[in-house]
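Take a look at the structure set out below.
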Amino acid sequence: MRLRRSALFFAAFLVSGQCPAQQDALVPSSAIVEKLTGTVTNTPEKFSRYRNLVPVAAPSIDLTINFRVGAATLGPGGKTQLLELSKALSNDLLRDKKVVVEGHTDAQGSPELNLRLSSQRATAVVVFLVDSGIGRDRLSSVGKGYSDLLDKQNPTSAKNRRVTVRVEAP
């Protein structure tokens with residue numbers, strides 16, 4: 001049985017040209033809501049009194065939104081992920097929240113080019129969300145270029161090409 005599963009895995013690898021484990025997983029809207037609301041589940045009651053003693057950063061989530069190299073056009077996979085984000089932002093827990101969409105790039109190219117490209121990508125995400133029914137007044141965008149690399153050990157890694165969605169502090 002184990003050999004059979006390995007053979008199927010290898011067949012999927014050959015057909016797709018990609019290892020299934022390397023493909024980006026879709027983050028469902030429920031997980032986005034949980035992450036952006038800072039919902040903590042299974043917190044022991046004895047620790048709840050300390051919750052306000054530690055400053056907490058605004059909740060955020062990194063989403064992998066694939067773009068063509070050097071372009072700010074959304075691909076089909078990115079649109080699917082953004083539909084989940086749109087559902088999450090329509091949830092009762094997030095309906096009144098304002099969010100910032102941050103575009104990030106890897107470290108290939110000049111800082112100026114990457115700053116402009118990351119800004120264009122963040123704007124493309126905002127336009128998609130507005131077209132999906134999210135109010136424009138709830139959304140802002142900013143390009144970060146490669147100033148905040150996710151994988152600092154490998155600055156040209158695809159992991160660094162991402163969009164971060166952050167709830168604005170009240």
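The values are calculated or read from the model by the stated rules, or taken from the named source; none is laboratory data. Source: prediction; values computed, not measured. Glycine gets a Cβ as well: all are built from the backbone with ideal geometry, and neighbour counts include every protein chain shown. Keep in mind that these areas ignore ligands, DNA and RNA; they rest on the heavy atoms of the full protein, side chains included. Shrake-Rupley method; radii C 1.70, N 1.55, O 1.52, S 1.80 Å.
Taken over the stretch 98-131, the criterion of being open to solvent by less than 90 Å² (accessible area, probe 1.4 Å) and part of a loop (DSSP other than H, G, I, E, B) is satisfied by His104, Thr105, Asp106, Ala107, Gly109, Ser110. Hey, does the stretch 40-58 have a residue that's open to solvent by less than 30 Å² (accessible area, probe 1.4 Å) and either of a type in the set (S, T, N, Q) or modelled with pLDDT under 65 (or both)? Looking through the stretch 40-58, none of the residues is open to solvent by less than 30 Å² (accessible area, probe 1.4 Å) and either of a type in the set (S, T, N, Q) or modelled with pLDDT under 65 (or both).
Right, Gly70: assigned to a loop (DSSP other than H, G, I, E, B), of a type outside the set (S, T, N, Q), modelled with pLDDT of 90 or more and more than 20 Å from Leu36 (Cβ to Cβ) or not? No, not satisfied.
Look at Leu113 and say whether it is of a type in the set (A, V, I, L, M, F, W, C), more than 18 Å from the chain's Cα centre (by Cα) and at pLDDT 90 or above. Considered against the rule, which asks whether it is of a type in the set (A, V, I, L, M, F, W, C), more than 18 Å from the chain's Cα centre (by Cα) and at pLDDT 90 or above, Leu113 comes out as yes. All conditions but one from (1) under 16 Å from Val27 (Cβ atoms); (2) touching a strand residue (DSSP E or B) at 6+ places or on another chain (Cβ under 9 Å) apply to Ile134; the one that does not is (1).
Which one of these is polar (S, T, N, Q) and either in contact (Cβ under 8 Å) with a residue 40 or more places away in the chain or in contact with a Ser or Thr (Cβ under 9 Å, 6 or more places away or on another chain) (or both): Ser90, Ser110? Unique residue meeting the criteria: Ser90. Considered as a group, the residues in the stretch 132-170 that are open to solvent by 50 Å² or more (accessible area, probe 1.4 Å) and part of a strand (DSSP E or B) include one that is nearest to Leu82 (Cα to Cα), and that residue is Arg166.
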